[in-house]
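S.K.: Shown below is the structure under consideration.
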């Protein structure tokens with residue numbers, strides 16, 4: 001019975017994906033989108049990948065990460081340097097760049113994993129912030145990344161014309177993270193979030209799974225970085241600063257920590273909204289600030305419990321009716 | 001050979017000697033009680049047995065193998081499971097998932113097959129579900145499998161902790177005040193469950209408890225701890241009539 | 001100029017920025033000790049202090065002393081208000097929620113000042129007009145001397161306050177055990193507010209000293225000194241007042257010397273590398289105590 005339910009869910013998800021793709025692709029290739037909206041399609045996908053992967057460490061592992069942009073930058077520079085130097089056809093060099101960018105970022109995930117083994121909570125958050133800043137200043141100081149000047153003239157392998165490919169990558173990322181969360185490894189990760197002492201006591205090697213969560217999240221952040229570089233065409237170390245990490249965190253918080261669906265929806269809203277409110281770039285940060293504070297206070301207030309209780313009641317009656 | 005053999009176990013926190021020269025020998029299949037006044041060091045003993053604390057001296061042998069220096073996860077895999085005095089459930093996970101976390105080491109598949117949902121994943125998850133429900137059935141909690149564990153009433157939360165510990169397939173189960181906060185009916189039910197676990201799963205049990213009804217009702221052997229030292233060891237009727245034990249509990 | 005003079009000058013520069021870090025680090029460490037949270041917005045209080053000085057002098061045409069007091073008052077009130085509005089509702093929330101809220105407050109302060117004052121840096125002349133002195137070929141600027149004197153006074157007063165007054169011992173009691181302090185009749189809410197007030201006042205002073213050095217105002221000016229001061233607090237042992245002072249001075253020296261003799265670009269990486277190293281080798285810092293969760 002349970003298997004059937006899962007299959008039903010899968011079919012529903014695939015249906016949603018197909019419809020979303022059909023609508024967006026129809027608008028795009030039919031020429032109905034303005035230049036502004038066209039240029040937003042890939043950034044939306046990038047933010048979805050970033051948010052879903054950050055959710056793995058912040059939502060499911062329960063450790064605040066303030067250096068996600070650092071992983072992204074490692075992927076972005078790695079990927080850009082590969083395509084700039086390889087000069088092979090797109091179908092060959094871009095996948096290589098994606099995989100290499102992801103792997104390089106996850107290598108940094110392993111390096112961060114070392115202190116992660118010994119820290120948690122506030123301290124861990126600060127260490128991830130510090131790592132992000134270290135990565136930024138290393139990129140700034142190295143010649144291969146062209147220092148503060150950054151890289152330019154990166155081939156646009158991921159601009160709006162290649163939306164289909166980016167869309168597929170995004171869907172693959174979502175499924176990978178979602179499946180991981182629902183696997184034995186994902187359960188171990190969530191158990192660490194809920195109570196790491198109890199997790200250890202039932203035989204979960206806590207260190208291993210903490211590092212695993214960081215490495216997987218870093219891998220996808222790296223991929224998002226590669227796409228970013230090939231979407232914009234230029235890279236600067238300052239793009240991947242602390243503020244970028246917070247921007248991703250805001251998406252995860254707004255969507256609900258531990259909710260993949262929420263991350264996707266919030267990524268779409270928070271990417272498009274500031275662009276629609278043209279000229280409101282100064283308000284963008286204000287919006288982020290208010291989202292963070294309001295969500296946290298709301299989450300721990302009684303209001304949420306009441307709404308949630310009602311919601312559960314509603315769902316319960318619905319299930320009963322169906323049965 | 002006894003299942004658990006603890007010799008000269010001791011631990012100091014700074015200058016404080018919390019447990020000193022603790023010896024215990026538990027035969028396979030025994031229902032063993034560890035009692036003593038508050039602050040006697042009972043939970044500290046549990047924490048040393050499960051690797052939370054590193055003993056300053058002494059040895060812990062399970063089936064003749066030394067456990068000192070192993071971390072809690074390794075000790076669990078060697079065959080000791082525990083519950084906690086202050087309940088520690090995975091509160092944002094369902095009852096079923098709480099048990100499935102504990103099945104982690106028994107049922108194995110790779111991260112890749114988890115992410116790709118390969119056949120191995122489906123098969124193993126199904127087997128895990130079945131095993132978890134089997135364990136929950138023993139505790140009469142099959143119905144609540146999909147409830148969030150934090151929404152369970154207190155008594156059932158305690159039971160779920162025991163179920164979760166059992167799921168790790170231990171040889172020795174440590175229960176830290178299993179009846180704390182339970183009413184007499186729940187306690188009586190718990191006593192039956194503990195006996196059932198021992199008989200059905202062939203598990204040795206060491207428990208800390210203050211409820212004397214439970215202790216005298218089910219324990220076959222007792223060790224009394226006072227000020228971090230063993231006061232006496234023996235069968236319940238001998239131990240509880242020992243004037244020293246009575247003094248330790250009630251004062252002069 | 002001889003090598004010795006050069007080194008001495010770098011050391012003095014390091015002491016100057018280090019003592020500013022120490023002032024800021026005191027705010028982090030006191031709040032952490034009492035409310036068990038990292039007040040991420042603390043760095044931005046520095047920025048508010050600097051802007052308040054500018055408002056006082058340039059817009060309100062206050063005399064310098066009044067402008068300084070105005071800036072301190074603004075920050076003190078702001079610190080208390082932030083605690084009441086944003087952090088107090090979250091006292092029993094998980095630490096992750098509190099930290100995210102603090103990040104939100106930090107963003108809020110930055111974006112508000114961006115909206116009010118704009119992104120273009122505003123020049124602000126130093127309020128220290130004293131030229132400085134030269135001893136044996138080593139020149140020490142006026143602002144350096146003022147900074148060292150002011151921070152020393154602040155630290156002495158703070159140490160006296162914490163150890164010799166009734167309110168100071170209330171603060172120590174709350175940081176030791178909130179529940180027990182409450183049972184002893186200490187008003188915990190008032191004590192927490194007081195801690196935020198003192199921390200923010202120190203941040204205002206740090207902000208004024210900082211802007212007198214760099215003479216330019218930006219909405220993000222507090223972020224970097226804020227984070228570095230946090231590193232200083234961790235280095236000294238978070239929760240420890242003398243630790244924050246020591247950590248600040250050491251960090252300032254390391255930063256100044258690595259900028260001068262290793263690489264300007266890498267000096268940030270070195271500072272953060274130290275943070276990671278300290279947390280790995282001795283998470284309790286130089287003078288801190290370690291707390292472990294009880295099983």
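S.K.: Which residues, taken from segment B:51-67, are buried (at least 16 other Cβ atoms within 10 Å of the Cβ) and under 16 Å from residue B:23 (Cα atoms)?
M.R.: Once the filter is applied, which keeps residues that are buried (at least 16 other Cβ atoms within 10 Å of the Cβ) and under 16 Å from residue B:23 (Cα atoms), segment B:51-67 yields B:55, B:58, B:60, B:61, B:62, B:67.
S.K.: May I ask you to list pairs of residues, at least six apart or on different chains, whose Cβ atoms are under 7 Å apart, with the first in segment A:281-308 being facing chain C (nearest Cβ under 8 Å) and the second being surrounded by fewer than 15 Cβ atoms within 10 Å (Cβ to Cβ) and modelled with pLDDT of 70 or more?
M.R.: Close Cβ pairs satisfying both conditions: A:282/C:115; A:283/A:277; A:286/C:115.
S.K.: Here's another thing I want to ask about it. Residue check: is residue A:206 in contact with a helix residue (DSSP H, G or I) (Cβ under 9 Å, 6 or more places away or on another chain), at the interface with chain B (Cβ under 10 Å from one of its Cβ atoms), modelled with pLDDT under 95 and at negative phi?
M.R.: Yes: the conditions hold for residue A:206.
S.K.: Could you tell me which numbered condition residue B:40 fails, if it satisfies all but one of (1) within 14 Å of another protein chain (Cβ to nearest Cβ); (2) outside any strand (DSSP E or B)?
M.R.: (1)
S.K.: As an exercise: evaluate residue B:105 against (1) part of a helix (DSSP H, G or I); (2) closer than 18 Å to residue A:209 by Cα; (3) outside the structural domain of residue B:196 (by TED's automatic domain parsing); (4) in contact with a helix residue (DSSP H, G or I) (Cβ under 7 Å, 6 or more places away or on another chain) and give the number of the one condition it does not meet.
M.R.: Among (1) part of a helix (DSSP H, G or I); (2) closer than 18 Å to residue A:209 by Cα; (3) outside the structural domain of residue B:196 (by TED's automatic domain parsing); (4) in contact with a helix residue (DSSP H, G or I) (Cβ under 7 Å, 6 or more places away or on another chain), residue B:105 violates only (1).
S.K.: Among B:107, B:84, which is the only one that is in contact with a strand residue (DSSP E or B) (Cβ under 9 Å, 6 or more places away or on another chain) and either within 10 Å of another protein chain (Cβ to nearest Cβ) or at pLDDT 95 or above (or both)?
M.R.: Going through B:107, B:84 in turn, just one is in contact with a strand residue (DSSP E or B) (Cβ under 9 Å, 6 or more places away or on another chain) and either within 10 Å of another protein chain (Cβ to nearest Cβ) or at pLDDT 95 or above (or both): B:84.
S.K.: Now for a separate question. Might you let me know whether segment A:192-200 holds any residue that is more than 14 Å from chain B (Cβ to nearest Cβ) and part of a helix (DSSP H, G or I)?
M.R.: No, the conditions are met nowhere in segment A:192-200.
S.K.: Picking from A:126, A:171, which residue would you name as being within 14 Å of another protein chain (Cβ to nearest Cβ) and under 30 Å from residue A:19 (Cα atoms)?
M.R.: That would be A:171, the only listed residue that is within 14 Å of another protein chain (Cβ to nearest Cβ) and under 30 Å from residue A:19 (Cα atoms).
S.K.: Among the candidates A:136, A:161, which residue alone is more than 30 Å from residue B:87 (Cβ to Cβ) and surrounded by fewer than 20 Cβ atoms within 10 Å (Cβ to Cβ)?
M.R.: None of the others qualify; the one that does is A:161.
S.K.: Could you tell me which of the residues A:102, A:70, A:75, A:79 is within 14 Å of chain C (Cβ to nearest Cβ), touching a helix residue (DSSP H, G or I) at 6+ places or on another chain (Cβ under 7 Å) and surrounded by 17 or more Cβ atoms within 10 Å (Cβ to Cβ)?
M.R.: A:70
S.K.: Given the residues B:95, B:101, B:68, which is the only one that is modelled with pLDDT of 95 or more and more than 10 Å from chain A (Cβ to nearest Cβ)?
M.R.: Just a single option satisfies the conditions, and that option is B:95.
S.K.: Scan segment C:235-243 and tell me whether some residue there is away from chain A (no Cβ under 14 Å) and part of a loop (DSSP other than H, G, I, E, B).
M.R.: Here is the first cut: in segment C:235-243, the ones away from chain A (no Cβ under 14 Å) are C:236, C:240-243.
Then keep just the ones that are part of a loop (DSSP other than H, G, I, E, B); that gives C:240.
Scanning segment C:235-243 turns up at least one residue that is away from chain A (no Cβ under 14 Å) and part of a loop (DSSP other than H, G, I, E, B).
S.K.: Okay, moving on. Residue under question is residue B:200, and the condition is that it be more than 10 Å from the chain's Cα centre (by Cα), surrounded by fewer than 20 Cβ atoms within 10 Å (Cβ to Cβ) and closer than 30 Å to residue B:67 by Cα; does it hold?
M.R.: Here the answer is yes, as residue B:200 does meet what is asked.
S.K.: Still on this model: Being surrounded by 13 or more Cβ atoms within 10 Å (Cβ to Cβ), free of Cβ contacts under 8 Å to residues at least 60 places away in the same chain and away from chain C (no Cβ under 14 Å) narrows it down to one of A:86, A:56, so name that one.
M.R.: A:86
S.K.: Still on this structure: Please count how many residues of segment B:201-233 are closer than 16 Å to residue B:29 by Cα and not in a helix (DSSP H, G or I).
M.R.: Kept after step one, since they are closer than 16 Å to residue B:29 by Cα, are these residues of segment B:201-233: B:201-207, B:218-222.
Of the ones still in play, those that are also not in a helix (DSSP H, G or I) are B:202-207, B:219-222.
Adding up the residues that qualify gives 10.
S.K.: Which pairs have Cβ atoms under 6 Å, sit 6 or more apart or on different chains, and link a residue in segment C:145-157 that is under 10 Å from residue C:23 (Cα atoms) to one that is surrounded by 20 or more Cβ atoms within 10 Å (Cβ to Cβ) and at pLDDT 90 or above?
M.R.: Note: pairs meeting the criteria are C:151/C:19; C:151/C:23; C:155/C:245.
S.K.: Quickly run through segment B:90-102 and pick out the residues that are assigned to a loop (DSSP other than H, G, I, E, B) and surrounded by fewer than 22 Cβ atoms within 10 Å (Cβ to Cβ).
M.R.: Initially, segment B:90-102 is screened for residues assigned to a loop (DSSP other than H, G, I, E, B), giving B:90-93.
B:91, B:92, B:93 - these are the residues of segment B:90-102 that are assigned to a loop (DSSP other than H, G, I, E, B) and surrounded by fewer than 22 Cβ atoms within 10 Å (Cβ to Cβ).
S.K.: Determine which member of the set C:196, C:230 is crowded, with 24+ Cβ neighbours inside 10 Å and within 14 Å of chain A (Cβ to nearest Cβ).
M.R.: Checking each option against the conditions leaves just C:230.
S.K.: Suppose we keep only residues that are surrounded by fewer than 17 Cβ atoms within 10 Å (Cβ to Cβ) and at pLDDT 95 or above within segment C:67-87. Which one would you say is farthest from residue C:188 (Cα to Cα)?
M.R.: As a first pass, look at segment C:67-87 and keep what is surrounded by fewer than 17 Cβ atoms within 10 Å (Cβ to Cβ): C:69, C:73, C:77, C:81, C:84-85.
Right, trim to at pLDDT 95 or above and you get C:69, C:73, C:77, C:81.
Values: C:69: 27, C:73: 22, C:77: 18, C:81: 16 Å.
My answer is C:69.
S.K.: A further question on this structure: Do any residues in segment C:249-272 that are within 13 Å of another protein chain (Cβ to nearest Cβ) have Cβ atoms under 7 Å from those of residues that are outside any helix (DSSP H, G or I), where the two are at least six apart or on different chains, and which pairs are they?
M.R.: Hits for this filter: C:270/C:262.
S.K.: Determine if segment A:159-169 includes at least one residue that is assigned to a loop (DSSP other than H, G, I, E, B) and closer than 21 Å to residue A:78 by Cα. Talk me through it step by step, then tell me what you get.
M.R.: Quick first cut of segment A:159-169, residues assigned to a loop (DSSP other than H, G, I, E, B) only: A:159.
The next check asks that each one be closer than 21 Å to residue A:78 by Cα; those that pass are A:159.
Within segment A:159-169 (the criterion being assigned to a loop (DSSP other than H, G, I, E, B) and closer than 21 Å to residue A:78 by Cα), the answer is yes, since at least one residue qualifies.
S.K.: To continue, here is another question. Of the residues A:273, A:254, which single one is at pLDDT below 95, within 14 Å of chain C (Cβ to nearest Cβ) and within 23 Å of the chain's Cα centre (by Cα)?
M.R.: A:254
S.K.: For segment C:71-189, which helices (runs of 4 or more DSSP H) that fit wholly inside it have 1 or more residues that are away from chain A (no Cβ under 14 Å)? Walk me through it before giving the result.
M.R.: Working: elements: C:95-117, C:142-164, C:166-176, C:178-183.
Answer list for segment C:71-189: C:142-164, C:166-176, C:178-183.
S.K.: Could you tell me whether residue A:135 is within 20 Å of the chain's Cα centre (by Cα) and more than 10 Å from every other protein chain (Cβ to nearest Cβ)? Walk me through it before giving the result.
M.R.: Working: within 20 Å of the chain's Cα centre (by Cα): yes; more than 10 Å from every other protein chain (Cβ to nearest Cβ): no.
So residue A:135 does not fit the description; no.
S.K.: While we're here: Checking residue C:9 against (1) within 14 Å of chain A (Cβ to nearest Cβ); (2) within 21 Å of residue C:144 (Cβ to Cβ), only one condition comes out false. Which one?
M.R.: Exception for residue C:9: condition (1).
S.K.: With respect to residue B:158, is the statement that it is under 30 Å from residue B:5 (Cβ atoms), within 14 Å of chain A (Cβ to nearest Cβ) and at pLDDT below 95 true?
M.R.: Criteria met by residue B:158.
S.K.: On the basis of being buried (at least 20 other Cβ atoms within 10 Å of the Cβ), away from every other protein chain (no Cβ under 11 Å) and closer than 30 Å to residue A:142 by Cα, does residue A:246 make the cut?
M.R.: Spelling it out, it is not the case that residue A:246 is buried (at least 20 other Cβ atoms within 10 Å of the Cβ), away from every other protein chain (no Cβ under 11 Å) and closer than 30 Å to residue A:142 by Cα.
The values are calculated or read from the model by the stated rules, or taken from the named source; none is laboratory data. Remember, predicted model here, so these are calculated numbers, not experimental data. Please note: Cβ atoms are built from the backbone with ideal geometry, for glycine as well, and neighbour counts cover all protein chains shown.
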